[in-house]
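Heads up, the thing below is written out as structure tokens.
The values are calculated or read from the model by the stated rules, or taken from the named source; none is laboratory data. The model shown is predicted, which means the values in this text are computed figures rather than measured ones. Glycine also receives a Cβ, built like all others from the backbone with ideal geometry; neighbour counts cover every protein chain displayed. With ligands, DNA and RNA removed, areas are computed over all heavy atoms of the protein, side chains included. Shrake-Rupley method; radii C 1.70, N 1.55, O 1.52, S 1.80 Å.
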Amino acid sequence: MAYRDWGAKTGGGGVASKEHENLARKERLRELAMETVDLKNDPYFMRNHLGTYECKLCLTLHGNEGNYLAHAQGRRHQGNLRRRAALESKKQAAKPRAPIAATARATMRRRMKIGRPGYQITKQRDPNTKQFSLLFQIRYPEITEGLQPRHRFMSAFEQKREKPNGKYQYLLFAAEPYETVAFRIPNQPIDKGEGKFYTNWDKNFLNFTLQLYFENRKAGKDTAGTAAKNVDIAGGTEGPKNGSKNEADPFAGISQPG
């Protein structure tokens, strides 16, 4: 056999083929990855019960860590990573998002309450129509900036703090960060006619005013005027002048004042 069949001396060989260049490149990438990449943080790297390694993304088997790292740098694995990222992005875009207002309300409900607002109630009677009226003045000196107090009427059978009494209904006032306060008033129809139901929020003095009129009943049955003698804050007969203590805000869904 001729000497040339055994190859040439060192440095005297020809140019490497395309196949040898690819093998050398993969070997360099493997060695570099072994030094820089931590396989513990790779979510797709797994060692099976046979002692070999698997790529959970591409579903391929590898004999050693270096072979897996070379695969992770390859075109197939990188393409699957891009497709997985695009799929996750599409799912996130299709997921319904909570309305901004609902998110804001949930955030506000988690805030710490600072106590009860001060209030003043004035009982009046219209000299012309003889209608009985109530004037509520609620003071919110520490109200959250940009918010406006809200109010709501509640049935006696809707609330859970007192034994239901069909003779009364409840008028609620709420404003962050104060506790919600509820007043027990006669369960009579409210006159929503022009000039008979009035609300106002004074941004300068931070006072919320609500005035309401009860509809007139039949002659000799002025039940609104009689029952209104017992108008009080929910949970007591007269109530303190600073409002009523409320546990964990049980009155949800308070409407915006008109």
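For the reader, a short list of remarks on this structure follows.
- Region 142-178, subset under 14 Å from Thr209 (Cα atoms) and open to solvent by less than 40 Å² (accessible area, probe 1.4 Å), residue farthest from the chain's Cα centre (by Cα): Leu171
- Residue check for Thr103: at pLDDT below 85, closer than 30 Å to Pro177 by Cβ, within 43 Å of the chain's Cα centre (by Cα) and open to solvent by 50 Å² or more (accessible area, probe 1.4 Å): yes
- The listed residue being closer than 30 Å to Ala175 by Cβ and at pLDDT below 80, out of Ala98, Ala16: Ala98
- Criterion applied to Lys130, Lys167, Lys163 was being among the charged types (D, E, K, R) and touching a helix residue (DSSP H, G or I) at 6+ places or on another chain (Cβ under 7 Å), and the one residue passing it is Lys167.
- A Cβ distance below 6 Å, combined with a sequence gap of six or more or placement on separate chains, defines the contacts here; from region 119-147, residues that are assigned by the TED database to the domain that holds Glu179 reach residues that are among the charged types (D, E, K, R) and open to solvent by less than 50 Å² (accessible area, probe 1.4 Å) in the pairs Thr144/Glu176; Leu147/Glu176.
- Condition met for Gln148 (over 16 Å from Asn216 (Cα atoms), touching a strand residue (DSSP E or B) at 6+ places or on another chain (Cβ under 7 Å) and at pLDDT below 90): no
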